[in-house]
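Take a look at the structure below.
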Ligand code: ADP
Ligand code: MN
Ligand code: MN
Ligand code: MN
């Protein structure tokens, strides 16, 4: 009998920042990837004496790495009684998304990352530093950008997997890049962002290059890596006042959001490299120094979406999108 390879992918229990894990299962042709399990004592998800954790498939797509009928199977982690594992942040998002379904929220997440060759950012000189930032953002040429073959292969892999990837660009720090996922609903964008991250690491293996979501990979006058989170409700897509109300609502819960927007956010949001300090909250039209930017087209059209610039590259999209929905839709419902 014929069969296909299913690469099961899940989020582990590492703190403060969880990592992706994966393993393959051979599944008979025509069958869906079944519920499976793993050793939670090796992923900081269980004690050795009671180590079994459950993998429940939640998002399945074609596997662009193996090709053919093979599949990628993103899973959520459950306890053996089938309740969500404490490390499972998706379950809470699903509940909040359901509660506020009437708002029809959309998210577009800009995932920044840094390519590394060993311990050094890709293409950086062995001794010293590249020329200061200024010419690298959206740069072209082998003196300006490092790692484009990886970026292009990752883009193709995301497209072949059927993910809602919106684009790519070279970033302000050399060896730093970005891709965007969305706009999609909060659960969909988060599931797909995790799969796109997995594809980034997996694509990097083929080039002997690693990708890091470190929010501040190089100390000093070098940009950190973020995950700007663009967001709208159906009301914001019709009405500018709803966009302003959303920005105001985010300002009322600054500390809660900052505390959940990724580990070491205070190293990135110093106020010196775009986006203001994590201690402040500001919003403004076209303002890349603000916490929340209202794109100029949104001000012109008097409707659209807003960009929360604060989330770190290492954030958990299940947590960030849940908080944004709770804060913005909660305030609009009050
Ligand atoms: P930037 O100018 O900040 O670099 P990008 O083009 O990288 O912007 O990202 C903008 C993101 O906003 C994209 O992911 C896009 O899908 C998303 N977006 C566009 N319109 C909406 C909307 N109405 N609601 C939510 N997200 C949106
Ligand atoms: Mn961008
Ligand atoms: Mn960017
Ligand atoms: Mn942005």
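The values are calculated or read from the model by the stated rules, or taken from the named source; none is laboratory data. Predicted, not measured: the structure shown is a model, and the values here were computed from it. We place every Cβ from the backbone using ideal geometry, glycine too, and count neighbours over all the protein chains shown.
Things to note:
- Close Cβ contacts (under 6 Å, 6 or more residues apart or on different chains) running from residues in segment 164-182 that are not assigned by TED's automatic domain parsing to the domain that holds residue 117 to residues that are within 11 Å of ligand 2 (Cβ to nearest atom) and at pLDDT 95 or above are absent.
- Answer residue from segment 295-308, given it is in contact with a helix residue (DSSP H, G or I) (Cβ under 9 Å, 6 or more places away or on another chain) and assigned to a loop (DSSP other than H, G, I, E, B) and is farthest from residue 233 (Cα to Cα) among those: 302
- Residues located in segment 220-235, provided they are over 11 Å from residue 104 (Cα atoms), in contact (Cβ under 8 Å) with a residue 12 or more places away in the chain and assigned to a loop (DSSP other than H, G, I, E, B): 221, 222, 223, 224, 225, 227, 228
- Qualifying position, being within 16 Å of ligand 1 (Cβ to nearest atom) and closer than 21 Å to residue 93 by Cβ, among 181, 168: 181
- Total residues in segment 4-45, condition on the phi > 0 side of the Ramachandran plot and surrounded by 13 or more Cβ atoms within 10 Å (Cβ to Cβ): 1
- Matching option when the condition is surrounded by fewer than 22 Cβ atoms within 10 Å (Cβ to Cβ), within 26 Å of residue 101 (Cα to Cα) and more than 23 Å from the chain's Cα centre (by Cα), among 244, 258: 244
- Which numbered condition residue 64 fails, given (1) assigned by TED's automatic domain parsing to the domain that holds residue 158; (2) surrounded by 20 or more Cβ atoms within 10 Å (Cβ to Cβ): (1)
- Number of residues in segment 190-234 that are within 16 Å of ligand 1 (Cβ to nearest atom) and surrounded by fewer than 20 Cβ atoms within 10 Å (Cβ to Cβ): the value is 1.
Table: residues versus (1) closer than 22 Å to residue 88 by Cβ; (2) in a helix (DSSP H, G or I); (3) touching a strand residue (DSSP E or B) at 6+ places or on another chain (Cβ under 9 Å).
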residue: 276; (1), (2), (3): no, no, no
residue: 293; (1), (2), (3): no, no, yes
residue: 310; (1), (2), (3): no, no, yes
residue: 319; (1), (2), (3): yes, yes, no
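- Condition check for residue 262: assigned to a loop (DSSP other than H, G, I, E, B) and over 28 Å from residue 132 (Cβ atoms): no
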